[in-house]
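First the structure, in the form of structure tokens, and then the observations on it.
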Protein chains: 2
Amino acid sequence: MSKRHATSRTTACCDLAGILPPRFFKALGDPNRIALLARLAACGRPCGVTEMAACCPIDFSVTSRHLAILRDAGIIHSEKRGKEVHYAVRFQEISTALRAMADALDGCCPSRKTKAKGTTK
Amino acid sequence: MSKRHATSRTTACCDLAGILPPRFFKALGDPNRIALLARLAACGRPCGVTEMAACCPIDFSVTSRHLAILRDAGIIHSEKRGKEVHYAVRFQEISTALRAMADALDGCCPSRKTKAKGTTK
DNA sequence: GTTATACTTGCATAGTGACGCAAATGAGCA
DNA sequence: TGCTCATTTGCGTCACTATGCAAGTATAAC
């Protein structure tokens, strides 16, 4: 964050598309995946696919696929332990990403630009 | 901050599904919609559908539909002015929502729970 | 009233995603 | 080696979504 004048702020605004990755949002756009994520978060520890599948009314294989989609989107993280695969929520990464998006939007907001000079935080 | 002990924090975690609305994410899950949102944000002022459509390689009617989807998801806001419909980004609402999601996730994070007692904010 | 402009909606089509079942893969165990 | 458990992958089906075209609606100008 070195050069930060009017022009750079406009540029940052145009770059909004780069900060908002469709794949991330697409991964979170399914109710079952949100349910899985919530369950995984509530669990408080890495969980296997079998354990996760128990909470959803969908086929076991579908649960596995949903978890893979969430993993590919960088939302959860998988680790192989013996014959099990343990999934865990990437709390830090997601919240950082969400805050970065919020900051980017604040940086674009016309009223913010006029009122305050710097971005929030 | 009235009753906020271990149990309530666990409850907040289970409620994650309520804080992460699929429709919001679904709306942001399309590249063209992200492009439209970025364009609208870069514009810095309310824009009509015709003006927005110029930036996307899709049919005019599709642009209109995409904007409607973004509006129904609470991401943008529409206002009729004469025969034009002006769309504008709801900067404040989105960034607030994103930060709320980030906070909720932080509140669920096991390491945070152990280290710090209160939730962020 | 008629015409032009701005936008929305109906409809058909192609592409994508979610789903369940069954088979395949991989790791531990007898 | 053969067996079992945990998970992934292939495949067909159904549903939803994005898209373009054409028709419809609403508002302003003539």
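Just checking, does segment A:86-105 include any residue being of a type in the set (Asp, Glu) and within 16 Å of DNA strand C (Cβ to nearest atom)?
Looking through segment A:86-105, none of the residues is of a type in the set (Asp, Glu) and within 16 Å of DNA strand C (Cβ to nearest atom).
The residues of segment A:1-48 include none that are more than 10 Å from every other protein chain (Cβ to nearest Cβ), at pLDDT 95 or above and part of a helix (DSSP H, G or I).
Apart from one condition, B:GLU79 fits all of (1) of a type outside the set (Gly, Ala, Ser); (2) outside any helix (DSSP H, G or I); (3) open to solvent by less than 60 Å² (accessible area, probe 1.4 Å); the exception is (3).
Restricting to segment A:45-62, count the residues that are farther than 17 Å from A:SER78 by Cβ, loosely packed, with under 13 Cβ neighbours inside 10 Å and within 12 Å of DNA strand C (Cβ to nearest atom).
2
Evaluating A:VAL85 against the criteria (1) open to solvent by less than 20 Å² (accessible area, probe 1.4 Å); (2) assigned to a strand (DSSP E or B) leaves one unmet condition, (1). Residues that are outside any helix (DSSP H, G or I) and more than 14 Å from chain B (Cβ to nearest Cβ) were ranked within segment A:49-65; the one that is nearest to DNA strand D (Cβ to nearest atom) is A:ASP59. Does at least one position in segment B:100-108 carry a residue that is at pLDDT below 90, open to solvent by 30 Å² or more (accessible area, probe 1.4 Å), over 19 Å from A:LEU105 (Cα atoms) and within 9 Å of another protein chain (Cβ to nearest Cβ)? Checking segment B:100-108: not a single residue is at pLDDT below 90, open to solvent by 30 Å² or more (accessible area, probe 1.4 Å), over 19 Å from A:LEU105 (Cα atoms) and within 9 Å of another protein chain (Cβ to nearest Cβ).
The values are calculated or read from the model by the stated rules, or taken from the named source; none is laboratory data. A quick note: this is a predicted structure, and the numbers were derived from the prediction, not measured. Here Cβ is always computed from backbone atoms with ideal geometry, including for glycine, and neighbour counts include all displayed protein chains. For accessibility, only protein heavy atoms count, side chains too; no ligands or nucleic acids. Shrake-Rupley method; radii C 1.70, N 1.55, O 1.52, S 1.80 Å.
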